[in-house]
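Down below is the structure, laid out as structure tokens.
The values are calculated or read from the model by the stated rules, or taken from the named source; none is laboratory data. Bear in mind the structure is a predicted one, so any value in this text is a computation, not a measurement. Glycine gets a Cβ as well: all are built from the backbone with ideal geometry, and neighbour counts include every protein chain shown.
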Amino acid sequence: MMIAEYPPEFLIGLVILVIGTIATAFPRPKDYLTRLINLEIPGWGLLLVMLSYNEALALFTFGAISVLSTYIYVRVMQKKAGGAGT
Amino acid sequence: MWGQYSYGILVVLVAGVIAFFALAIETDDLHRFLLLDLVEITALGVIALLGTDLAEALILPGLTVGIAEQLALSQIYCTKERIMQNPVKGLNIEVIAKADAPLIISMFLVVYGLILSGFTGGGVAGLGLVFFFMSRGYREDLNLLEMASGISWALWIFAFFCFMFLPQYWFIALMCAAVGIVLKVTVKMSLVGTMWGNGND
Amino acid sequence: MIIRRISHYISNYENIMPLFAGACAFLILIGILLLPIQYNPVQLYPKTIDRNSSLDPYDRGGPPFTQVEIGAQYPENSPTAGLVTTYLTPFSLFLSQVTLHLGTTIVAHPGGIIDEILYNTRGLDTVVEPTILFIAFAIASYLYRKG
Amino acid sequence: MTNLAGVPYYILEFGDELVYFTPYTITLFLLALTFTIFVLISMPERQVDIAFGGDAYTTKVISVSEMRFRRFMAIACGLASMGAMVTGDIFNFTLFTAMVGITNVGIVAAVKSPHVQNAAYQYGLVALSATVPLFGGAAIYAAATGSLSMIELAKGALPAVPFVAKAFLVLGVIGEGMAPFYAAKAEMFRAPGAPYVIMCSLSSLLIFLRVIEVVMLG
């Protein structure tokens with residue numbers, strides 16, 4: 001089977017995964033919020049890869065868990081900013 | 001030789017190299033913490049490429065372990081940087097805090113989650129509680145949460161041994177496991193909602 | 001002399017994270033060079049997708065509460081495997097008769113094949129996993145209270 | 001069963017995950033068990049600060065809640081190492097190893113000294129990133145051989161395990177147990193409470209001894 005015959009969501013997912021990883025690893029401007037937002041991109045790539053293998057439950061759970069981890073990160077970032085700003 | 005699996009793993013490993021390289025040259029502690037989420041994604045990618053039902057059964061524990069360690073680490077970071085007392089802006093704007101809408105929405109989510117049972121049900125119910133605690137700036141008694149967490153854990157273990165040694169009572173075991181996991185996920189998520197409040201007073 | 005310098009470098013705990021990340025990146029690079037990896041077509045818990053089933057992609061055959069065959073490693077060790085692959089609540093049963101897309105909605109999974117694997121045949125994993133969650137929760141709440 | 005370190009005396013069945021006792025694993029298991037009981041019954045030591053140039057010394061005070069919390073973590077760590085010693089499943093082994101890592105962080109993080117807290121945070125970062133090679137290695141095991149059971153791998157009928165998977169597993173265990181970073185761990189040992197911090201060290205030694213057996217299979 002040639003590469004072009006693989007499911008399109010598999011190929012797109014892998015491409016997005018790599019692009020998102022680069023975007024998150026070297027964000028511009030380099031601050032916490034940019035990096036946190038860029039983290040969503042490789043997450044989307046991973047979701048598409050899971051979709052191509054029909055892993056629906058893992059996909060849901062990944063979505064729910066990334067909501068939770070965003071809560072955790074935003075909380076830490078707010079606490080850190082709270083000391084300097086106000 | 002080069003099949004779908006090998007191509008997939010090639011790309012995911014390339015992403016892993018980039019992520020670990022960024023982690024190696026990073027010096028700021030909070031940036032390192034954010035990059036950990038990125039390297040977790042590559043690990044999940046390697047597991048997802050397995051493509052069987054087993055892959056999903058391996059992704060779920062991997063996700064849970066990741067989020068648990070992130071929770072603990074974020075708390076250690078706050079203690080270490082001495083920023084525990086800094087305020088966090090919640091959703092406790094006056095209008096929302098007084099309105100009935102968060103209460104009703106949370107009630108709906110919790111009841112719906114209990115009906116669903118199982119892992120997804122726990123997630124839905126927990127999300128309702130997170131929303132409620134965040135909007136009220138509410139301070140739950142942590143001892144109670146810890147006790148509920150302990151009970152859910154015990155129920156879970158009981159269900160497991162029931163499955164293994166008394167398989168004829170599998171229905172009881174299934175129900176215990178479902179209730180246990182609802183309690184477990186709910187408690188974990190409401191802890192996040194509670195910690196959103198203003199520190200530890 | 002060189003050992004003393006290395007050990008001095010390692011003993012600074014600020015340096016262990018870059019060191020470990022560098023080791024990981026290096027090993028993954030070696031892994032890329034050693035590709036391809038042969039994927040064994042004989043796998044545990046293989047997937048069969050039935051596009052016409054309303055429980056797709058989690059339908060493993062059979063109506064609820066009848067035992068089906070699951071590709072486990074040691075089927076003789078889990079005699080009840082296959083019984084709960086399609087456990088549905090009344091609401092999701094109703095949905096499954098109305099729509100073909102139940103398997104990809106959130107209401108589909110009070111039970112199902114994943115629960116079967118997680119609770120039954122690979123139950124010990126699932127015991128360790130909430131234990132880790134419990135430990136991490138204990139650390140977080142201890143630090144939160146003692147802050 | 002030529003590759004398993006000795007013939008299993010006893011195999012306990014948990015569904016697909018077998019727990020087996022060979023002479024090698026039972027030795028390590030008993031070691032972990034003994035030390036866990038030791039932690040359970042012993043009192044923590046109290047660190048003594050001696051002021052140089054005089055006879056003055058003070059003992060650091062450890063609060064009861066801190067002592068209890070660290071004892072709980074140390075016992076959990078002992079149980080996790082016992083599990084990692086006897087489990088017969090690759091993914092189960094990685095989960096137990098991850099649990100050893102997080103309990104080690106917990107033992108250290110309970111101490112309020114900023115120095116120790118910082119060490120615990122750095123170690124926590126390493127422990128969390130070490131789950132990547134651990135779980136990745138286990139997934140490659142499953143993909144290449146189609147099985148996760150160590151007993152099946154030892155039979156030799158399955159395809160060979162790729163070198164990368166084994167190396168990932170070892171690197172993950174190094175990260176969780178920090179085997180070559182004992183100098184950094186010594187830094188964490190400035191945390192008071194003798195039997196508990198020794199548990200960190202012992203557990204990482206044990207999981208390292210076990211992973212050597214694991215990678216020799218298949």
Failed item, numbered, when A:Ala56 is tested on (1) within 17 Å of B:Leu49 (Cα to Cα); (2) modelled with pLDDT of 80 or more; (3) among the small types (Gly, Ala, Ser): (2)
Test: D:Tyr182 is under 30 Å from B:Leu50 (Cβ atoms), within 11 Å of chain C (Cβ to nearest Cβ) and either at pLDDT below 85 or surrounded by 22 or more Cβ atoms within 10 Å (Cβ to Cβ) (or both): no
Residue check for D:Leu134: of a type outside the set (Val, Ile, Thr), surrounded by 23 or more Cβ atoms within 10 Å (Cβ to Cβ), without any contact (Cβ under 8 Å) to a residue 24 or more places away in the chain and under 24 Å from D:Asp16 (Cβ atoms): no
Residue, surrounded by the fewest Cβ atoms within 10 Å (Cβ to Cβ), within the range A:65-85, restricted to residues that are modelled with pLDDT of 75 or more and of a type in the set (Gly, Ala, Ser): A:Ala81
Helices (runs of 4 or more DSSP H) lying entirely in the range D:64-174 (those with 3 or more residues that are closer than 24 Å to C:Gln73 by Cα and at pLDDT 85 or above): D:64-86, D:90-109, D:114-145
Residue that is modelled with pLDDT of 90 or more and touching a Leu at 6+ places or on another chain (Cβ under 9 Å), where the choices are B:Val46, B:Val65: B:Val46
Given (1) buried (at least 24 other Cβ atoms within 10 Å of the Cβ); (2) free of Cβ contacts under 8 Å to residues at least 40 places away in the same chain; (3) more than 14 Å from D:Val211 (Cα to Cα); (4) within 9 Å of chain C (Cβ to nearest Cβ), index of the condition D:Asn118 fails: (1)
Subset of the range C:116-147 (residues that are assigned to a helix (DSSP H, G or I), more than 15 Å from D:Val105 (Cβ to Cβ) and either among the aromatic types (Phe, Trp, Tyr) or modelled with pLDDT under 70 (or both)): C:Tyr119, C:Tyr144
